[in-house]
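> I'd like to ask some things about the structure below.
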Amino acid sequence: MRRIRLLQDEGGITEGVIWKQLLLFFFPILLGTFFQQLYNTVDAMIVGQAVGKEALAAVGGTTGTLINLLLGFFVGLSSGATVIISQYYGARSIEGVSHTVHTAAAMALLFGALLTAVGIPLAPVLLGWMDTPADVMPHALPYLRIYFAGMIPSLIYNVGSGILRAVGDSRRPLYFLIVACLTNIVLDLLLVLGLRLGVTGAAVATVLSQTVAAALVVITLLRSETMFRLVPRRIRFHGRVFLQVLRIGLPAGLQSVMYSLSNVLIQRAVNGFDTNVLAGWTAYGKIDSLFWMMVSAFGISITTFVGQNFGAGRYDRVRRSVLVCMGMTLGTTVAMSALLYCFGDWMYRLFTPDPAVIEQGMMILHLLVPCYFTYISIEILSGAMRGAGDSAVPTVMTLVGVCLLRLVWLGVVLPMRHTMTTVLLTYPITWVITSAMFIIYYLWGGWLKRCIRRAGMPPEEARR
């Protein structure tokens, strides 16, 4: 029998200089997210150049929004498992980590099967509900159905990489994504350009590359000799742990659904314009992903950092890490915004040579990119609160400040002034309002003390 090691503290998260530890954790996540976005972007680039703007609109905009809506709920739900694992790992609880790992694996298998079973037959209904243009539908439908067929490996990879990141290993998920990205590029070239399979080939390439990533992460967990080792016969729902996961993950999952639902409604509003606007919006989404993968990497970093330090009772490092992470995110956001604003035209030409599409895309970029900095408080503060176990209140603030307000804007303001600029303004307006709510709650909401009491840990004063 192999001996299970108690601790593999690769990142030194509960010790050391905070900004250095955050960066050591952040960069592999950032690069991993980059490669995850890259293979989706490669699909859009190859399909847009080889098939046309209708296919580009299908691969990125319409189908991507729907996939994020349905997949986002599970990813948010499984984030509860990541938080619980990081807390148990910080507290050095072998049983707690093991039970959470096997519960998370059971969730991936169950929800993956459900999404496949529901998504394939309902794909035409979902696309029709979004008012997908008639010239885009023949491309969007096969892409969406094939993507749904590969939901199980997609969820397995998300859960497995979340487990590794929760214990401080952000490097191996990066390596797996690099392999998956290279696989996707080769398959795109073969299936889309070589065999001329169009969006069908792009979808098959994406699913196969996700399967490769899932296989790699499963092999890693099976061969691990640490407390987070995966044993197939132990995969099941552990009741107490599952309830803990639901307490943190369910609000995050609902928040993701509402976020995505508001984006679905925005996508539906965009679909009401012509194909040039739709294609420009789709290409902008790929450029825009550079910012989101950066800010999401900081959000994942602070969640795990806070989770492990909270589990270890290092409340001083919890508070200091939030300030450090906010400063790092702000500086990076300003620099990225400047680069995107100045070089956006060149980036659009990677997706399409059509000048009308580029013109529409640049209008979108010039309006939204300068507003990125107004969002970062939402990502970092909500990530920190989730890491300590406070998920419900941040979810309510996001639902009200972002999702509900977007629905009101689209339902009331857009009909009075039906322009693309009106659609776009919903983003900065909701970011500013929600950020203000998060800052007030973080400073004066008493969230950390409540988390400490709920966890039955010594009060903050006793740790000073």
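> Can you give the relative contact order of the chain as a percent, counting alpha carbon pairs under 8 Å and 6+ residues apart?
It comes to 24 percent, rounded to a whole number.
> Ok, one more. Take the alpha carbon gyration tensor of the range 238-311, find the square roots of its eigenvalues, order them as a ≥ b ≥ c, and report rounded if a/c is under 1.5; if not, report prolate when a/b exceeds b/c, else oblate.
oblate
> Tell me the per residue accessible area of the range 183-327 using a 1.4 Å probe; a whole number in Å² is fine.
36 Å²
> I'd like the Karplus ³J(HN,Hα) series for the range 427-439: coefficients 6.51, -1.76, 1.60, θ = phi - 60°, whole numbers in Hz, and an x wherever there's a Gly or Pro.
Per residue, the Karplus-derived 3J(HN,Hα) values read 5, x, 4, 6, 4, 5, 5, 5, 4, 4, 4, 5, 5 Hz.
> How tilted is helix 137-149 with respect to the longest principal axis of the chain? Cα atoms for both, answer in degrees (0 to 90, nearest 10).
20 degrees
> Let me check against my output: what whole-number percent is the relative contact order of the range 291-404, with C-alpha pairs under 8 Å and at least 6 apart?
Across the range 291-404, relative contact order equals 42 percent.
> Can you tell me the orientation of helix 376-388 relative to the chain, as the angle in degrees between its alpha-carbon axis and the longest Cα principal axis, to the nearest 10?
In the chain, helix 376-388 runs at an angle near 40 degrees to the longest axis.
> Now a separate question. At a 1.4 Å probe, what is the % contribution of carbon and sulfur to the accessible area of the chain?
Exposed carbon and sulfur together represent 69 percent of the surface.
> Also, I was wondering about something else. Which whole-number percentage describes the relative contact order of the range 172-289, with Cα contacts under 8 Å and a sequence gap of 6 or more?
Relative CO of the range 172-289 lands at 15 percent.
> Along the range 179-195, what does the Karplus equation 6.51 cos²θ - 1.76 cosθ + 1.60 (θ = phi - 60°) give for ³J(HN,Hα), rounded to whole Hz, x for Gly and Pro?
4, 5, 5, 4, 4, 5, 5, 4, 5, 4, 4, 6, 7, 8, 7, x, 8
> Something else about it: Rank these residues by their accessible area, most exposed first, probe 1.4 Å: GLU359, GLU15.
GLU359, GLU15
> Looking at (i) 0.95; (ii) 1.10; (iii) 1.43, which value of Cα Rg over 2.2 N^0.38 Å comes from a calculation on the structure shown?
Of the labelled values, this structure produces (i).
> Taking the chain as the reference, fit the longest principal axis to its C-alpha atoms, fit the long axis of helix 315-348 to the helix C-alpha atoms, and give the angle between the two in degrees, 0 to 90, nearest 10.
For helix 315-348, the angle is close to 20 degrees.
> Quick one: which residues, 5 or more positions from THR226 or on another chain, have an amide H under 5 Å from its amide H? H modelled 1.01 Å from N in the peptide plane, none for Pro or chain starts.
ARG5
The values are calculated or read from the model by the stated rules, or taken from the named source; none is laboratory data. None of the values given here were measured: they were computed from a predicted structure. The protein model used for the area step is the full one, side chains on, heavy atoms only, and it has no ligands, DNA or RNA in it. Shrake-Rupley method; radii C 1.70, N 1.55, O 1.52, S 1.80 Å.
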